[in-house]
Amino acid sequence: MINTNPIGLFDSGIGGTSIWKAIHQLMPNENTIYLADSKNAPYGIKSKEEIIALSKKNTELLLDKNCKIIVVACNTATTNAIKELRATYDVPFIGIEPAIKPAATHSKTQTIGILATKGTLSSELFNKTVSFYHDINIIEQIGFGLVELIENGEINSPKMEELLSSYLTPMIEKNIDYLVLGCSHYPYLIPKIKQILPKTIQIIDSGEAVAKQTLTVLQNQTGISNLEKGKYEFYSNIEPKVLNDILENKYNAVKSDF
């Protein structure tokens, strides 16, 4: 079944572009529309009710643009709002949550670390997932301030290095052998994180798994595109300079009031 309608993605800012890149790499012939809700970033410090309201607003904008599937490219929005979104809208949703399973399954030290937002770590969905791994010592760390620095284009700032070191050093001391990144912004910090972690600690993010799940749902439910090359639209509700920078200025992200 052929369906050239776009894949829609939204996040509380630029971080979900890490998910978009994984989807684009796997399915370059698909049209995509990305919403960066940077004006309301970070979602991780907001109430569940606020997160649901923002997620519904973003969903409706993407549905107005005829998206055939919506990727909630934000861990906080997924863990707090995806159940409500699926109950409200008649479109497939793909969520993103911390990849605890592969880390817990393969850990030799029986200790893994999770770096995520407060909104993700305090969510019902996250705590339900964690409860399946009672034999694993899970070290949770809220990444206070990380999303704000990324949104401000300060990935390589001294403040970023200071925060990452303060969050990761206690995990290293507790003998983690896997670090799970529980925010779609955080893959952009992997080069910095690797400078701090010993080489024995593996880093896991969810981008590739989300892309594969998106392809599976498209094939089984909505249909895929047969275009030779997809069209890509990026929207930000603030000045899109940082979004364009993170996209390496390969695409023209534009400002849109939403």
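The values are calculated or read from the model by the stated rules, or taken from the named source; none is laboratory data. What you see is a predicted model, and the numbers here were worked out from it, not measured in a lab. FYI the Cβ positions are ideal-geometry reconstructions off the backbone, even for glycines, and counts take in every protein chain you see. What goes into the accessible areas is simple: the full protein's heavy atoms, side chains included, and nothing from ligands, DNA or RNA. Shrake-Rupley method; radii C 1.70, N 1.55, O 1.52, S 1.80 Å.
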- [ ] For residues that are of a type in the set (A, V, I, L, M) and in a strand (DSSP E or B), scanning just segment 204-258, find the one that is farthest from E60 (Cα to Cα).
- [x] I204
TODO: Answer yes or no as to whether Y167 is in contact (Cβ under 8 Å) with a residue 40 or more places away in the chain, part of a helix (DSSP H, G or I) and open to solvent by less than 30 Å² (accessible area, probe 1.4 Å).
DONE: yes
Task: Members of segment 226-253 found to be loosely packed, with under 12 Cβ neighbours inside 10 Å and free of Cβ contacts under 8 Å to residues at least 40 places away in the same chain, listed by number - done: E239, E248, N249, K250, N252
Open item on the list: Suppose we filter I45, I19 for residues that are in contact with a helix residue (DSSP H, G or I) (Cβ under 7 Å, 6 or more places away or on another chain) and either buried (at least 24 other Cβ atoms within 10 Å of the Cβ) or hydroxyl-bearing (S, T, Y) (or both); which single one remains?
Closed with: I19
Task: Residue list for segment 76-100, restricted to those being of a type in the set (G, A, S) and either at pLDDT below 95 or open to solvent by less than 10 Å² (accessible area, probe 1.4 Å) (or both) - done: A77, A81, A99
TODO: Go through (1) open to solvent by 30 Å² or more (accessible area, probe 1.4 Å); (2) in contact (Cβ under 8 Å) with a residue 12 or more places away in the chain; (3) over 15 Å from E97 (Cα atoms) one by one and return the number of the condition P158 breaks.
DONE: (2)
- [ ] Could you please find all residues in segment 26-42 being out of contact with any strand residue (DSSP E or B) (no Cβ under 8 Å at 6 or more places or on another chain) and either closer than 22 Å to P240 by Cβ or surrounded by 24 or more Cβ atoms within 10 Å (Cβ to Cβ) (or both)?
- [x] K39, N40, A41, P42
Open item on the list: Condition (residue is touching a Leu at 6+ places or on another chain (Cβ under 8 Å), assigned to a helix (DSSP H, G or I), under 24 Å from D257 (Cβ atoms) and not aliphatic (A, V, I, L, M)) applied to segment 67-80: is it met by at least one residue?
Closed with: no
TODO: Among residues belonging to segment 49-61 that are aliphatic (A, V, I, L, M) and within 17 Å of the chain's Cα centre (by Cα), point out the one that is least open to solvent (accessible area, probe 1.4 Å).
DONE: I51
Open item on the list: I need a count of the residues in segment 101-154 that are open to solvent by less than 30 Å² (accessible area, probe 1.4 Å) and either in a loop (DSSP other than H, G, I, E, B) or not β-branched (V, I, T) (or both).
Closed with: 17
Task: Complete set of residues in segment 170-222 that are of a type in the set (V, I, T) and open to solvent by 30 Å² or more (accessible area, probe 1.4 Å) - done: I172, I190, I196, T200, I203, T216
